[in-house]
Amino acid sequence: MSIRERLSGNEAVATAMKQINPDVVAAFPITPSTEIPQYFSTFVSNGQVDTNFVAVESEHSAMSACIGSEAAGARTMTATSANGLSLMWEMIYIASSLRLPIVMSLVNRAVSGPLNIHNDHSDAMGARDSGWIQLFSENNQEAYDNTIMAIRIAEHKDVKLPTMVCQDGFITSHSIENIELIEDEKVKQFVGKYTPEHYLLDRENPMAIGPLDLQAYLFEHKAQQGIAMKNAKKVILEVAKEFEAMTGRKYELYEKYKMEDAEYVIICMNSTAGTAKAAADELRSQGIKAGVLKVRVFRPFPGEEIAKELSNAKSIAILDKADSLNGQGGALFEDVVSGMYHQKLNIPTINYIYGIGGRDTTVNDIKSVYEDLMKIDENSIVENPYRYLGLRGDK
C-alpha cells in the first residue's frame, strides 16, 4: 500500500534517493537544488542509508567525483541547478561519452547572466546535446517517480547513459504537495542491485577510462552514443510499464490531455502543463476544443510520435521556457516542427518564449495563446511564428 505524504519537490527527490540508497552521492550546494543534498546528508548522518556522501568544493568536482565513483562500479547520484550545471560542463560530456549511468536531479533555474535564481529551462536546454537522457516533471509526484525510474533507464544494458531528472525551481522544488510514496522495499526491489559489466575495480578484467580517442575511433563511439539514445525510448516505456504495475501510475514519452478531438493544441513541459490544463478546462466548458500535450521525455526526443498525435489539430502553439537566441524559435519548437516535417504534417504552428527568469505565467496568459490559435485558424495565416508571452511592452 502506498504511503501518503506532503512533501516539496526537493524533499520528494531526496526521499527517492534515500529509498534507492546509492553507493555514492557527490554534490555541491546551489539554489534551488541545495535542499536535495542537504536532506540526503541528513539521511546519511542518521544512518538511514549507507551511502558514501562526498562533500566537494565545486560542481565541477561533484561531477568529477561522480564519474570516478560510477567508473569504479558504484551507483552514483547528484543534484544541481543552472550555473552549477554550467561549471560541470566539461565533465557532463565526459560522463555521457564514457557511458556512465549517473542520475542527476536538475532543478531548473535561469543561467547567468545577469544573475537570476528563479526558474526557466535555460540550464537543461543548454545541455540538450550533451548525451544525457532528460526527463521532465510536472509536479512533485512526477519528480519522485521519475527519479526512481531514471535508475533503471540509465543502467539498462542497451542504454548506459547518464540521466537528468528535471523539475521547475521553486515552483515545484519548494512547493509542498500531496504525494504517494512507494514502500522502501518495493523501491529497492524495483531498482535492483547495480552490477555493471565493466568497472575499474574489477581486477580480473582491467580497463582504461578516458583514453585519447582520435580520428580512427571517435566518430564510431559518438554513433554508439546516438544508438543508445534511440534505444532509450523503448527502455523508458518498458520501465514505465513495470512502474505502472507497481504503483498504478502511468507514464509515457508524453502526456495527452483532452487530445482526442483537440483542434487547438499547446505543447509544453514541466509545471506549465498544469496551468495549460486549467486553461484548456475553462475553454472546454465554453465548447472550444483545446488540448495539451506535455512532453515528459525531451532526450531522446519523441518527434515522430508527437507528430502523429497532432494530425487532427487546426493550429499548434509550442511553449519554450528558454530562448535559443537564434531567431528561429526555442529548442522544443525546433524539435517538434522537425518531427512534423518528416511526417509531412503541415499545420500552422507558432512558438512562444515565456517565463524567462521566473516570470509568472497565468491561466489567462495561456488562454491568450489559445485565442491566438483560433485567430490563426480563422484567418488561415501565421503572421509571426516567433513570439513572446508575458513580455512587458510586447504587442
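The values are calculated or read from the model by the stated rules, or taken from the named source; none is laboratory data. Small disclaimer: the values here were computed from a predicted structure and weren't measured. Counting neighbours? That spans all protein chains shown, and the Cβs are built from the backbone with ideal geometry, glycine included.
Restricting attention to region 57-88 and to residues that are of a type in the set (Ser, Thr, Tyr) and touching a Ser or Thr at 6+ places or on another chain (Cβ under 6 Å), the residue that is surrounded by the fewest Cβ atoms within 10 Å (Cβ to Cβ) turns out to be 69. Look at (1) without any contact (Cβ under 8 Å) to a residue 40 or more places away in the chain; (2) within 23 Å of residue 277 (Cα to Cα) and you find that residue 372 fails only one, number (1).
Listed by position, the helices (runs of 4 or more DSSP H) contained in region 76-175 that have at least 3 residues being under 20 Å from residue 254 (Cα atoms) are 140-155.
Residues that are surrounded by fewer than 24 Cβ atoms within 10 Å (Cβ to Cβ) and small (Gly, Ala, Ser) within region 157-200 comprise 175, 192, listed in sequence order. Here residue 305 does not fit the description of being assigned to a loop (DSSP other than H, G, I, E, B), assigned by TED's automatic domain parsing to the domain that holds residue 331 and modelled with pLDDT of 95 or more.
For residue 125, the test of being within 14 Å of the chain's Cα centre (by Cα), surrounded by fewer than 24 Cβ atoms within 10 Å (Cβ to Cβ) and of a type outside the set (Phe, Trp, Tyr) is passed.
Each row is one residue, and each column tells you yes or no for (1) of a type in the set (Gly, Ala, Ser); (2) in a loop (DSSP other than H, G, I, E, B); (3) closer than 24 Å to residue 99 by Cβ.
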site: 189; (1), (2), (3): no, no, no
site: 208; (1), (2), (3): yes, yes, yes
site: 235; (1), (2), (3): no, no, yes
site: 239; (1), (2), (3): no, no, yes
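Being at pLDDT below 95, among the hydroxyl-bearing types (Ser, Thr, Tyr) and farther than 29 Å from residue 81 by Cβ is the requirement here; does residue 311 meet it? In short, yes. Of the residues making up region 15-56, just one is more than 20 Å from residue 88 (Cβ to Cβ), small (Gly, Ala, Ser) and crowded, with 16+ Cβ neighbours inside 10 Å, namely 16.
Considering (1) over 21 Å from residue 147 (Cα atoms); (2) in contact with a Phe, Trp or Tyr (Cβ under 8 Å, 6 or more places away or on another chain), the lone condition that residue 96 does not fulfil carries the number (1). Determine, yes or no, whether residue 370 is hydroxyl-bearing (Ser, Thr, Tyr), within 20 Å of residue 169 (Cβ to Cβ) and buried (at least 21 other Cβ atoms within 10 Å of the Cβ). Considered against the rule, which asks whether it is hydroxyl-bearing (Ser, Thr, Tyr), within 20 Å of residue 169 (Cβ to Cβ) and buried (at least 21 other Cβ atoms within 10 Å of the Cβ), residue 370 comes out as no.
Can you name the residue in region 201-212 that is without any contact (Cβ under 8 Å) to a residue 60 or more places away in the chain and among the charged types (D, E, K, R) and is also surrounded by the most Cβ atoms within 10 Å (Cβ to Cβ) among such residues? Selected residue: 203.
Residues in region 70-117 that are among the hydroxyl-bearing types (Ser, Thr, Tyr) and in contact with a strand residue (DSSP E or B) (Cβ under 7 Å, 6 or more places away or on another chain): 76, 78, 80, 81, 105.
When 332, 373 are screened for being part of a helix (DSSP H, G or I), within 23 Å of residue 118 (Cβ to Cβ), in the same structural domain as residue 273 (by TED's automatic domain parsing) and hydrophobic (A, V, I, L, M, F, W, C), only 332 passes.
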